[in-house]
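Notes follow once the structure below has been shown.
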Amino acid sequence: MNNNQKTVFSGVQPSGNLTIGNYLGAIKNFSRFSGEYKTFYSVVDMHAITVRQIPADLRRRTYETLALYIACGLDEEKNTLFVQSHVKEHAELGWILDCYTMFGELSRMTQFKDKSAKNAQNINAGLFTYPALMAADILLYQTDVVPVGIDQKQHLELARDVAMRFNQIYSDTFTIPEGYMNPDTMKIMSLSDPTAKMSKSDPNQNSVVYILDSKDDIIRKFKKAVTDSESEVRYAEDKPGVSNLMTIYKAFTGKSFEEIENEFRGSGYGDFKLAVGEACADGLSHVREEFQRLIADKAHLEAIMKRGADEARYYANKTMSKVRRKIGFIG
Ligand code: TYM
């Protein structure tokens, strides 16, 4: 890494099948940083266990998420791709940052409030301190830019606050990270409730389009998407369903909202929904094919995750020796 090269870090939890929200809001944007930046992309399995996981599923999804990173265009030669739990420094810095993150700050996290409402039987301490571990992920690599969807903005701001607090107490230690949110795709909404975020943990399968859904499933789900009682394809705040579909269509075709409005003027929602489904399915077909090829070769994926972890550990340790020394740990 040359000294002027900026660093990018992001992560995805292997806690469910990845959605087009994950793809358009995050993973698709990751590759724009490859090459010019030093890029670390992690499969954050330690975050995933804040919600109870079936071990075999977690293991399978960890491989799948790595394979999807590559299938979505992340070249393993140009990016450091690794599994969070393979680099123990994440846990170590996570604990340290727990001691610099305030109870009040964590209590204000909307994701914690949402997840504790959904998992009332398992409001564990990890769910509460989740953002401190996320701060550790980012700060370990002296990250400049964190590409994420808008739902992670509050966590990112907390990471910045914790970094500034630490730097103020002990002198400059961490780079203060900035978020990168793609203005077009930072919040893809559910197809059945366009006022809620599309989420991989949504139990309603029709709300969510998964990256690996078949073409038929994708088209079927878009056909069922909730719109409104009008028939006009127009981007507007009071038309959240249609606007969300237009956002998705725009992301897959590169057409502007104006072009989309013109294309479907007078044709009603049926044709429009079909076109969105086809554009999405066609846009993902290459990802699906690449994924099938990659997931068939576990040994290759294991080699990639090992190499990624070795490389990540090298940079993580540089930060950790500074941190340990500054806070007064011996050695
Ligand atoms: P996760 O696994 O929930 O989601 C992965 C990425 O996908 C984005 N995303 C969306 N973007 C647009 N529209 C949507 N509907 C949508 N749903 C999800 C998320 O914003 C995220 O960028 N806490 C993180 C994982 C994480 C992390 C990190 C991220 C752990 N450590 C360090 C960045 C840096 C999470 O739960 O993402």
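Listed values, structure above:
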item	result
Cα-based reach from K250 at 13 Å (exclusive), listing aspartates and glutamates while leaving out same-chain residues under 8 positions away	D184, E258, E259, E261, E263, E278
Cα-centre dipole for the stretch 58-125 with unit charges at Cβ (Lys and Arg positive, Asp and Glu negative), debye to 20	420
Å² of accessible area per residue within the chain, as computed with a 1.4 Å probe and no ligands counted	46
Pairs of alpha carbons in the chain whose separation is greater than 30 Å (percent)	37
Greater than 18 Å apart at Cα, pairs in K6/K78; K28/K239; K153/K239; K215/K298; K28/K118; K6/K38	K28/K239; K153/K239; K215/K298; K28/K118
Cα centroid of the stretch 83-119 to Cα centroid of the stretch 139-193, whole Å	14
Inter-site label distance for R220 and S267 at 7 Å from Cα along Cβ, in nm	2.4
Alpha-carbon centroids, the stretch 195-228 and the stretch 253-305: separation in whole Å	13
Helical mean residue ellipticity (222 nm; -39500 (n - 2.57) per DSSP H run of 4+; nearest 500) of the chain	-16500 deg cm²/dmol
Calculated from backbone phi, Karplus (6.51, -1.76, 1.60) coupling profile of the stretch 223-228 in Hz, x at Gly/Pro	4, 8, 4, 6, 10, 7
Solvent-accessible area, 1.4 Å probe, carbon plus sulfur percent, for the chain	50
Per-residue ³J(HN,Hα) for the stretch 189-196, Karplus 6.51 cos²θ - 1.76 cosθ + 1.60, θ = phi - 60°, Hz, x for Gly and Pro	9, 4, 6, 9, 9, x, 9, 10
Between helix 268-295 and the chain: long-axis angle, C-alpha atoms, 0 to 90°, nearest 10	40
Loop-exposed GluC sites (Glu not before Pro) per DSSP, neighbour cap 10 Cβ within 10 angstrom, longest uninterrupted part of the chain	78-236
Residues with amide H under 5 Å from that of Y180, placed H, sequence gap 5 or more	V146, V148
Out-of-range pairs (alpha-carbon distance over 22 Å; input K306/K326; K115/K197; K200/K224)	K306/K326
Label-zone membership for the stretch 132-166, site K6, 7 angstrom Cα→C-beta point, backbone N under 11 Å	144-147
Percent of Cα pairs exceeding the 17 Å cut-off, where the set is the stretch 171-293	59
Other-chain or far-sequence residues with amide H under 5 Å of I188's (modelled H)	M198
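The values are calculated or read from the model by the stated rules, or taken from the named source; none is laboratory data. Please read these numbers as outputs of a predicted model, since none were measured by experiment. Ideal geometry is used to build each Cβ from the backbone, glycine not excepted, and the neighbour counts take in all protein chains shown. Side chains are part of the model used for accessible areas, which takes the heavy atoms of the whole protein and leaves out ligands, DNA and RNA. Shrake-Rupley method; radii C 1.70, N 1.55, O 1.52, S 1.80 Å.
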